[in-house]
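Please treat every number below as a calculation from the coordinates, not as lab data. All values derive from a computational prediction rather than experimental measurement. So basically every Cβ, Gly included, is an ideal-geometry build from the backbone, and we count neighbours across all protein chains shown.
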Amino acid sequence: MDASILNYSVNDNVAKFLSQTKKLYINGDWVDSKAGKTFEVEDPATGKKIATCSAGAEEDINLAVTAARKAFDSNRWGSIPPNERGKIVWKIGDLIDEHTEELAQLESLDNGKPVAIAGAADVALSSDIFRYMAGWATKIEGETIPISVPYTPEAQYHSYTLREPVGVVGQIIPWNFPLLMAAWKLSVALTAGCTIVLKPAEQTPLSALRLTEIINDAGILPEGVLNVVTGLGEEAGAPLAAHPHVDKVAFTGSTEVGKLITQAAAGNLKKVSLELGGKSPTIIFPDADVDAAIAGAASAIFFNHGQCCCAGSRLMAHEKIFDKVAEGISKIASNIKVGPGMDTSTEMGPLVSNEQFQKVSGYIESGKSDGGEILAGGKYDNSEGGHFVHPTVFAKTNADMSIVKEEIFGPVLCAQPFSDQDLDKIAEAANNTNYGLAASVWSKDISTAHKLAGKIRAGTVWINCHNIFDASLPFGGYKESGWGREMGHEVLHAYTELKAVTVNL
Ligand code: ADP
C-alpha cells in the first residue's frame with residue numbers, strides 16, 4: 001500500500017498489514033482464492049483504496065468447509081478438555097486486548113467509526129465476550145431426568161441429556177461492528193466445540209482478518225477449527241449458507257438477506273440463527289428525567305452513525321415534552337463533529353460505503369418530499385470521496401412515511417409526539433413495525449416503565465438507557481428482527497444439539 005493514501009499515521013502493524021494482499025485462511029494456511037480474484041477495501045472517509053483482499057467463491061468455501069468438517073469429525077477441537085478449551089478462548093480475549101490500538105485503527109479505517117470509540121467499545125466488548133464465553137466451556141451441561149414410561153411399568157431406566165456441539169458452523173457477519181460481530185460469533189462457536197467458516201462483510205473484512213492472524217500467530221487453535229473466507233455476499237456467503245456439509249448458519253445483517261439465508265439453508269435443513277434489522281422506538285414520558293432522556297435518545301440514534309440494528313430511530317415523546325425533547329436532540333445533533341474516524345476530534349465518522357450514503361441520503365430526500373420537517377442536519381456530502389451524512393432529525397413524521405416504516409441504518413431520527421395515557425395504545429404504536437429488536441422507555445414511574453416493557457414486542461427493552469450491551473445479556477429479535485439470540489448463555493443453545501440417552505437398568 002502507498003502509505004500516503006492514509007491521511008493519519010498508524011501503528012506499524014497496521015501499516016504492514018495493509019501493505020500485503022490479504023489471503024483466505026483455510027485449514028491453518030493463508031491461501032489465495034482458487035480463481036485468483038481480489039476485491040478492494042476503501043477508507044470510507046476518503047473513498048480511497050486501503051487494502052486488497054482475496055475474493056473467495058464457491059470452490060474456496062468448499063475447501064474451507066472440508067477443512068472445518070475434518071477438524072470437527074476428527075474431534076480435533078471437541079476432544080480438548082473443556083477447561084483447556086476455555087483457556088484458549090480466554091487467551092483470545094487477552095490477545096485482542098494486547099492489540100487494542102491496531103485493531104481500533106483498522107476498524108476506524110475500514111468502517112469509518114471514530115478510533116477512540118472503536119477502542120473503547122468495539123475492541124473492549126470483543127475481548128470481553130471471549131472471556132465471558134470461556135467460563136461457559138466447563139459448564140455446558142445436560143440433566144438427569146426421572147422418567148415413567150407407562151407402557152413398561154416393571155422397567156427401571158436412567159435417562160440423561162448431553163449438550164453436544166452442533167458441528168460445522170458458517171458465520172456470516174455485517175460491516176457495522178466488524179470485529180465485535182466476529183467476536184460474538186467465534187467466541188460461542190469455539191466454546192461449544194464447533195468448527196467454523198467465517199465470512200466477513202466485503203466492506204469491512206480487515207479486523208476479522210487481523211484477529212485471525214493474531215490467533216494463527218499464537219498457535220492456539222488446531223488446524224481447520226477456524227477458517228475465514230472473505231468475498232462478496234452472493235459469491236462467498238451464499239454457497240456457505242447453502243453448503244450441505246455445514247450444520248448451522250449464523251447470520252447478522254439485513255432482514256432481506258436473512259430471508260435468503262433461510263432459503264439457502266433449507267437444502268439440508270441446517271440450523272439457522274439470524275440477528276436482523278430493526279426500527280426501534282425511544283419512548284419518552286413527561287415524568288422522565290428529560291435531560292437524561294434527550295442525551296440518551298440522541299445517542300440511541302447517532303451512536304455508530306445510526307448504523308446499529310437497534311438504533312433508536314423512532315422517537316415517541318409525550319406531547320407535553322415533545323418540543324423540548326426534539327429541540328434538545330436537534331441541538332446535540334447540530335453540535336456533533338462529523339469527520340474522518342481517524343481524526344481524534346471526530347464524533348461521527350462517514351457512513352461505511354457509497355451504497356449506504358446513497359441509501360441514507362435517498363431516505364432524507366424521501367422524508368422531505370413526504371412532508372417531514374428537518375429540525376437538524378439533512379445535509380450530506382461526498383464531494384471529496386468520503387461518505388458523510390450529518391445527524392438528522394425529522395419532525396412532522398407519520399406511520400405511513402417510508403422513513404418511519406423502513407430501516408434507514410443511518411443517523412436519521414423520526415420524531416413523533418404521543419398524547420395517550422393508555423399504555424396499550426402506546427405499545428400498539430411502538431409495535432407498529434415489522435421489526436422487534438429493541439426499544440427504550442424513559443420514565444421515572446417504575447410501574448409505567450415495567451408495564452410498558454412487558455407490552456413491547458422486542459428482544460431488548462432498555463429503561464432509562466439505550467444501547468447497553470453486555471456479553472451476559474442475550475440479544476436478538478422478535479418478528480422480522482430474527483431468530484434466536486446472540487450472547488448470554490442463551491446463545492449456547494444455538495450452538496449445541498441436545499441428546500437424550502436412556503439406559504435400561
Ligand atoms: P447490509 O445490507 O447491511 O450491507 P447485508 O445483509 O447485505 O447487510 O450483508 C451482511 C452479510 O451478508 C455480509 O457479509 C454480506 O456479504 C452477506 N451477504 C449478502 N448477500 C448474501 C447472500 N445472498 N447470501 C449470503 N450472504 C450474503
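Distance between the pseudo-spin-label points of Tyr151 and Ala120 (7 Å out from Cα toward the beta carbon): 6.4 nm. Across the chain, Cα pairs under 8 Å and at least six residues apart give a relative contact order of 18 percent. Highest average first, the peptides 447-455, 433-441 ordered by how many other beta carbon atoms sit within 10 Å of their residues are 433-441, 447-455.
Taking each residue as 0.36 nm, the span from Glu384 to Ser366 lengthens on full extension beyond its C-alpha to C-alpha distance by 4.1 nm. Going 7 Å from the Cα of Leu505 along its beta-carbon direction, which residues of segment 159-179 have the amide nitrogen within less than 13 Å of the resulting point? Under 13 Å, as judged by backbone N against the label point of Leu505, lie 159-160 of segment 159-179. Within segment 1-97, antiparallel bridges make up roughly 90 percent of the DSSP beta bridges whose residues both belong there. Say the dipole of segment 443-493 comes from +1 at the beta carbon of Lys and Arg and -1 at that of Asp and Glu; which of His466, Ala449, Ser481 then lies farthest toward its positive end? Sorting the options by dipole projection puts first Ala449.
Put a plus charge on the Cβ of each Lys and Arg, a minus charge on the Cβ of each Asp and Glu, and nothing anywhere else: the dipole of segment 129-268 about its Cα centre is then about 280 debye. Beta bridges per DSSP, both residues in the chain: antiparallel share near 45 percent. Taking packing as the residue-averaged number of other Cβ atoms within 10 angstrom, the listed peptides 298-309, 138-149, 207-218, 336-347 run from highest to lowest as 298-309, 207-218, 336-347, 138-149.
Test of understanding: what is the full-extension gain from Lys320 to Gln358, defined as 0.36 nm times their sequence separation minus their Cα-Cα distance?
Gain on extension, Lys320 to Gln358, equals 10.1 nm.
First select every other residue whose beta carbon is under 14 angstrom from the beta carbon of His318; then total the charges, Lys and Arg +1, Asp and Glu -1. Around His318, the charge tally is -3. Ranked by how many other Cβ atoms sit within 10 Å of their own Cβ, fewest first, the residues Trp483, Trp442 fall in the order Trp483, Trp442. When only the Cβ of Lys, Arg, Asp and Glu is charged (+1, +1, -1, -1), the dipole of the chain relative to its Cα centre reaches about 720 debye. The sum of -39500 (n - 2.57) across all DSSP H runs of n ≥ 4, divided by the residue count of the chain, sets its helix-only mean residue ellipticity at 222 nm to -11000 deg cm²/dmol. Only Cα pairs under 8 Å and 6+ residues apart enter the sum, and on that basis the relative contact order of segment 112-167 stands at 29 percent. One Cα centroid belongs to segment 357-394, the other to segment 288-323; the line between them spans 18 Å. Ranked by the mean number of other Cβ atoms within 10 Å of their residues, highest first, the peptides 379-385, 355-361 fall in the order 355-361, 379-385.
Full extension of the chain between Asp445 and Glu347 yields a length gain of 32.0 nm, computed as 0.36 nm times the residue separation minus the alpha carbon distance.
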